[in-house]
Ligand SMILES: [Zn+2]
């Protein structure tokens, strides 16, 4: 199948995605934290300080459904092989176009185990309408760019959800933070290099690659498993549905891998 289509809107494609999925998932499950944590906000949360590290979103189509007590938001495989697309319409109807950005989340939060996180790199995924709103807010600033610091607010829920960005005096990223970000992104470097080599690309921002890898589709096999679990849970009572925007990804622990920093990487910060 043509995997490029997931990444073609706004970006060059990424090859051989599916065959790398198993490895990615395995690493994630083993605690390697291969993907980046999701960015999310509570309803009516105000003044969340964020910094955009990508100007354009990676565009995907995602399904969403509630299974085994969680909202699953798998990326559509985009062709006749997509098991979600073959599902009953309560799944298919929820497929929607979304955009993903790399952000720094400056909020501080604590895990159940007492680990404190702050200034984390995260991938924020929003519906196309929200992405368009962010762009509009950005255009109203002097720079006209999204890649800067903002205070973000969220009001409403479901279709009434509105996000707004308010410009903040943008401080340069400290050297300490730069090193921390590079360390996080460094785990994508081996595959990023292979990708550039295969495509004969001199430049393809590592940030974009990291976002695309994080939101990439599962393999068909993995997707089918998710669908099977959904089907098995139908009529079995299910759990109480919660607002999907409040999905707490904080339980997905990430373990830092040793940094393997080359000096040929082009970061945007
Ligand atoms: Zn699909």
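The values are calculated or read from the model by the stated rules, or taken from the named source; none is laboratory data. Only a predicted model underlies this, so the values are computations on that prediction, with no experimental measurement involved. We place every Cβ from the backbone using ideal geometry, glycine too, and count neighbours over all the protein chains shown.
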What is the number of the single condition among (1) assigned to a loop (DSSP other than H, G, I, E, B); (2) surrounded by fewer than 19 Cβ atoms within 10 Å (Cβ to Cβ); (3) in contact (Cβ under 8 Å) with a residue 12 or more places away in the chain that residue 202 does not meet? (3)
Can we say residue 218 is within 30 Å of residue 94 (Cβ to Cβ) and either at pLDDT 85 or above or not in a helix (DSSP H, G or I) (or both)? yes
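Condition check ((1) crowded, with 21+ Cβ neighbours inside 10 Å; (2) free of Cβ contacts under 8 Å to residues at least 12 places away in the same chain; (3) within 20 Å of the chain's Cα centre (by Cα); (4) near the ligand (Cβ under 9 Å from one of its atoms)) across all residues:
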{"position": "60", "(1), (2), (3), (4)": "yes, no, yes, no"}
{"position": "63", "(1), (2), (3), (4)": "yes, no, yes, yes"}
{"position": "68", "(1), (2), (3), (4)": "no, no, no, no"}
{"position": "78", "(1), (2), (3), (4)": "no, no, yes, yes"}
{"position": "84", "(1), (2), (3), (4)": "yes, no, yes, yes"}
{"position": "88", "(1), (2), (3), (4)": "no, yes, no, no"}
{"position": "94", "(1), (2), (3), (4)": "no, no, yes, no"}
{"position": "101", "(1), (2), (3), (4)": "yes, no, yes, no"}
Please tell me if residue 166 is at pLDDT 90 or above and under 20 Å from the mean Cα position of the chain (by Cα). no
Quick one: what pairs do we get from the stretch 122-136, first residue at pLDDT 95 or above, second surrounded by fewer than 16 Cβ atoms within 10 Å (Cβ to Cβ), C-beta under 7 Å, 6+ apart or different chains? none
Name the one entry in 136, 169 that is away from the ligand (no atom under 16 Å from the Cβ) and either buried (at least 18 other Cβ atoms within 10 Å of the Cβ) or closer than 14 Å to residue 49 by Cα (or both). 169
Quick check on residue 37: is it closer than 30 Å to residue 178 by Cα and crowded, with 19+ Cβ neighbours inside 10 Å? yes
Would you check which residues across the stretch 91-120 are part of a helix (DSSP H, G or I) and out of contact with any strand residue (DSSP E or B) (no Cβ under 8 Å at 6 or more places or on another chain) and list them? 92
